[in-house]
Amino acid sequence: MLTNAIELGFTEPKPARSGAGAIFGWCLYDWAISPFPTIVSTFIISNYYAKAIASDPTIGSAQWSFMIALAGIAIALFSPPLGAIADRMGHAKRGIAIGMSVLILAGGLIWFAKPEPAYGLPLLIVSGMGIVAMELGMLFYNALLPGVAPPDRIGRVSGWGWASGYVGAVICLSVALVLLVRPEHPAFGIPRAEAANFRAAGPLTAIWAAMFGWPLFFLVKDIPKTGLKLTVAVREGLADTWHTLRDLRKTPQLAWFLAASAIYRDGVTSILTLGGLYAGGTFGMDINELTMFGISLNVSAGLGAATFAWLDDWIGSKRTIMLSVVGLIIFGAGIVLVHSMVWFIGLALALGIFVGPTQAASRSLAVRLAPEGQVGKVFGLYALTGRAVTFVGPTIFGWVTATTHSQRAGLASILVLLVVGLTALTRVREPPKA
């Protein structure tokens with residue numbers, strides 16, 4: 001949820017053709033799909049796999065992180081051609097519909113993954129399939145933004161979508177906790193036998209997406225069809241991406257920013273994605289506690305994004321990013337060192353406060369560094385570079401955890417990404433404010 005809202009691979013903004021209803025429908029889509037990564041990737045299903053299906057929680061954590069890494073590789077490979085389709089062929093709704101349909105299917109299939117080792121690989125495949133489908137569908141979703149918001153409100157509407165994703169994830173996670181995970185007699189006659197109440201969290205994300213995702217298709221105008229053939233659109237889009245990457249040498253500040261942000265964003269995403277596994281494996285949180293932890297962390301991140309939004313205009317985007325990443329490193333190091341669950345929760349919630357400012361200020365700095373008339377291309381590169389390294393953090397975490405048999409060591413390795421990204425960011429000179 002946190003990286004999707006700012007990775008806007010869209011073309012140059014055009015005058016909005018839609019009104020408040022379109023904005024509502026567009027934002028509601030983020031509300032619809034955000035529970036999937038929160039419930040499946042991070043908190044409930046990931047820990048269900050590690051504790052109930054895998055042979056050992058630590059091994060299960062490593063296997064789950066490797067699955068996320070493979071999904072990241074798939075997203076990086078397919079993003080450029082699909083981005084070309086979104087930009088050059090139009091009909092973005094088709095891509096969104098396919099992505100959402102696969103996500104709904106994946107969420108429903110999780111129900112069949114019983115707590116037996118034989119269901120381990122199928123659950124990994126299904127979960128990875130849903131993650132890839134959601135991320136690739138977001139390419140087409142982001143491409144609709146210039147037709148939803150006027151040029152002077154693109155960032156604002158994007159932020160509203162981001163915020164609605166937070167709220168949707170928190171509410172859906174709360175529903176899972178209150179109706180499925182915690183009750184002695186779960187709702188809808190679902191038994192606790194064979195962890196059915198935990199497995200039902202997968203279909204819950206599918207139902208949620210189906211309930212709230214459809215308004216976009218009726219309220220938001222599609223991108224007009226250009227008439228280009230698929231092969232031509234992909235070839236021209238990839239060629240344009242290559243030319244833009246080649247010309248980065250002419251804008252070294254932008255190049256350094258794209259490299260730095262890709263590294264520290266991967267660190268942030270890895271911490272958020274693997275935080276639930278760490279909480280369950282290292283501190284022994286059960287799924288009830290993990291669900292409450294997930295709700296609290298999402299609230300903390302949302303409050304941080306809202307409270308520190310003024311920093312960007314006051315001290316500048318680069319300084320805001322650096323302050324936020326330093327906060328993530330400090331509180332992340334504290335999380336690695338503490339052994340008390342109370343301290344862990346407190347430090348994790350404090351860490352969450354710095355997530356939103358890191359992401360929001362990164363978007364602002366991308367705009368300020370973009371050459372005149374090339375904002376769309378810059379955001380396309382921002383998305384491409386971010387996705388190209390999304391497998392690094394989970395791979396490092398999985399490898400270090402499996403090698404050392406310690407999730408603490410695995411999480412500490414992720415903090416190295418934040419340090420490297422922060423160091424690279426010091427090479428960037430932010431343009432003076434107009």
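In square nanometres, what is the average projected area of the Cα convex hull of the range 20-425? Could the numbers behind the result be given before it?
Values: hull surface 75.7 nm².
The directionally averaged projection comes out at 18.9 nm².
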For the range 67-125, what class follows from the C-alpha gyration tensor (a ≥ b ≥ c being the square roots of its eigenvalues): rounded when a/c is under 1.5, otherwise prolate if a/b is larger than b/c, else oblate? oblate
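For the chain, what's the relative contact order in percent, using C-alpha pairs closer than 8 Å and at least 6 residues apart?
Details: 764 pairs, mean separation 126.6, N = 434.
Relative contact order for the chain comes out at 29 percent.
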Longest principal axis of the chain (C-alpha) makes with the long axis of helix 375-388 (C-alpha) an angle, in degrees to the nearest 10, of 30 degrees
Applying a 10 Å radius around every beta-carbon, put 55-66, 268-279 in order of their mean neighbour count, most first. 268-279, 55-66
Counting each DSSP H run of 4 or more residues in the chain as -39500 (n - 2.57), what helix-only mean residue ellipticity at 222 nm follows after dividing by all residues, to the nearest 500 deg cm²/dmol? -24000 deg cm²/dmol
By count of other Cβ within 10 Å, fewest leading, how are Ser101, Ser340 ordered? Ser340, Ser101
Principal-axis tilt of helix 230-246 within the chain, Cα atoms, nearest 10 degrees: 80 degrees
Using θ = phi - 60° and Karplus 6.51 cos²θ - 1.76 cosθ + 1.60, couplings along the range 67-81 (whole Hz; Gly, Pro as x): 4, 4, 5, 5, 4, x, 5, 4, 5, 5, 6, 8, 4, x, x
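Since every read-out is calculated from the coordinates, none of them should be taken as a lab result. No experiment lies behind these values; they were computed from the predicted model shown. As a convention, Cβ positions derive from the backbone with ideal geometry for all residues, glycine included, and neighbour counts pool all protein chains shown.
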